Every structure is written in structure tokens, then in C-alpha cells.
Amino acid sequence: MSTALAILGNGLLLSAFGVFVIGFIARMVGWYRIPVPLKIPTTPAPKTLPGVLSRVATEVFVFRSLFKADKALWVGGYVFHVSFALIILRHMRYFIDPMPRVVLAVQTIGVYAGFAMVLSLAYLLYRRAVFERVRYVTTFADYFAILLIMAIGITGLWMRYIDRVFVIDVKNFAMGALTLQMNSPPAHPVFWLHLCLVATLIVMFPFSKLMHSGGIFFSPTRNQRDNPRDRRYINPWNDTFPDPTEYTDGEYPPIDEL
């Protein structure tokens with residue numbers, strides 16, 4: 001039985017991470033290869049590279065544009081993202097030995113972050129379900145992602161406060177998966193539910209709106225300098241169009257020949 005659980009648990013975790021890594025890299029490479037034909041930074045925009053880096057950093061770490069647009073949404077979204085980051089950092093204790101000081105430092109606050117994450121997601125879910133203008137643009141995938149992450153947080157808190165799991169067994173399983181040793185996971189129903197939910201999130205991440213975490217770096221409205229008057233911007237698609245000087249009558253060929 002333990003061997004079957006080891007194969008099932010390790011296979012689930014490793015395959016999920018494999019899909020995540022391949023999917024994440026594929027999406028990032030795809031975005032990198034998309035040409036940007038125009039200068040379209042959202043103004044006012046910086047004119048220097050350090051200014052652009054500062055602008056992207058403020059978007060990533062403090063959600064600058066969201067703060068200007070909707071402060072109530074900013075509070076809910078920011079609490080969720082910070083809590084989620086703390087929870088991930090806290091869970092590094094299962095994969096790292098010995099634990100770095102930064103991981104040790106967030107162990108207590110990481111527990112409270114679990115409550116903050118669930119409450120912030122409840123607010124974001126309420127906002128999508130009640131506000132008409134938000135509900136209009138909300139799809140099933142949006143509800144599914146919120147409910148999935150809420151279920152992950154709730155099952156994690158359940159194992160922390162109600163039906164505890166032996167931490168050493170969890171760490172042996174996680175370290176074994178990381179080193180391909182195939183250690184058995186805990187035979188705990190809530191842990192297995194938690195593991196399946198996490199694997200589902202990891203697999204769907206590269207193919208969902210959650211990829212905005214990587215896509216923000218490729219947004220031309222954020223990563224371009226506002227310097228069209230100082231430096232000519234060359235459309236990368238120019239090479240795909242014919243040179244009009246090649247035609248003796250000085251006109252472009254018919255549109256169906258382009």
C-alpha cells in the first residue's frame with residue numbers, strides 16, 4: 001500500500017511540476033517572440049531605461065496602476081498576493097534542509113497569511129458575483145481559480161488546526177520527490193485532497209489568467225520608453241512588406257499579393 005501511495009503521490013507532484021515548467025517557459029518564449037509594431041507606452045511614461053525598470057517594479061511589487069484605478073480592489077488583490085507569497089515561502093521548509101533564516105522568519109506569519117488569503121479571496125469572489133460590471137466580464141475560469149485557491153487554503157488550515165498531519169512525514173515525502181527517492185506521502189485524506197488541489201493549480205497555472213505574473217514583463221504599455229521623438233522606432237514587421245522601389249510604376253502590388 002505504501003509503495004502504491006509513493007508512486008501515486010510522487011507521480012502526481014512531479015508530473016504537475018513538469019507541466020508547469022514546460023508550460024510556463026513556452027508561454028514566456030511565445031510572448032517574447034511576438035513583435036511590437038508600435039510605440040504604445042501608457043503615458044505619462046518614463047523616457048529612460050532605469051525609469052522603465054522602476055515602473056515595472058512598482059507594478060510588480062505594489063500594483064501601482066491598480067491602486068490608481070480601484071483602491072478597494074487594490075486592497076483585496078494586494079492582501080491576496082502578499083499572503084500567497086508568504087504561504088509559498090513558508091512551505092519551502094518542506095523542500096529545503098537546512099532551512100534558510102528567511103524561511104524560518106515567516107513560519108508564524110505564514111500561518112496567519114493563510115487566513116488572510118482565504119478572506120481576501122472571499123472578498124474578490126463576492127466582488128465578481130455582486131458587482132454587475134465585474135460579473136459581466138467574469139468567466140467560469142475566473143470563478144474556478146478563486147474557488148480552487150480558496151479550497152487549498154481551507155484544507156491547509158484544516159490540517160493545521162483541526163486534523164493535524166505529521167510534519168516529518170510531509171517533509172520526507174516532499175524531499176523525496178525533490179530528490180527522486182519516492183518516499184511515501186502521509187495516508188491522510190485531507191492531505192491527499194490538499195495535494196490534488198495544489199497539483200491542479202500547478203497544472204492550470206501556465207494556461208490561465210494566473211500567467212499575468214509573468215506576462216506583465218512583456219506588456220508594451222509598461223516596458224516601453226516614451227522616446228519616439230528622440231529615437232526612431234523601427235517596426236519589426238517592416239521586413240515582411242515589399243519595397244515599393246522594386247516596382248517600376250512606383251506602386252505597391254495588389255493587396256492579395258502581399
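Read the figures in this text as sums done on the coordinates, not as results from a lab. Computed from a predicted structure; not experimentally measured. Every residue, glycine among them, receives a Cβ derived from its backbone with ideal geometry; neighbour counts consider all protein chains shown.
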Scan the range 176-189 and give yes if some residue there is within 22 Å of the chain's Cα centre (by Cα), not acidic (Asp, Glu) and not in a loop (DSSP other than H, G, I, E, B), otherwise no. yes
Positions within the range 154-172 being surrounded by 15 or more Cβ atoms within 10 Å (Cβ to Cβ) and of a type in the set (Ser, Thr, Tyr), in sequence order: Thr155
Ala151 - would you say it is closer than 23 Å to Val203 by Cα, without any contact (Cβ under 8 Å) to a residue 60 or more places away in the chain and crowded, with 16+ Cβ neighbours inside 10 Å? yes
Search the range 185-214 for residues being under 19 Å from Ile96 (Cα atoms) and in contact with an Asp or Glu (Cβ under 8 Å, 6 or more places away or on another chain), and hand back the single one that is surrounded by the most Cβ atoms within 10 Å (Cβ to Cβ). Pro185
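Across the range 1-57, which residue is farthest from the chain's Cα centre (by Cα) among those that are over 30 Å from Gly176 (Cα atoms) and of a type in the set (Ser, Thr, Tyr)?
Per the criteria, the residue is Thr48.
Could you check the range 1-19 and list, in sequence order, the residues that are closer than 13 Å to Pro186 by Cα and either surrounded by 13 or more Cβ atoms within 10 Å (Cβ to Cβ) or in contact with a Leu (Cβ under 9 Å, 6 or more places away or on another chain) (or both)?
Leu5, Ala6, Leu8, Gly9, Asn10
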Farther than 25 Å from Ala151 by Cα, in a helix (DSSP H, G or I), touching a residue at least 12 places away in the same chain (Cβ under 8 Å) and within 22 Å of the chain's Cα centre (by Cα), is that true of Val118? no
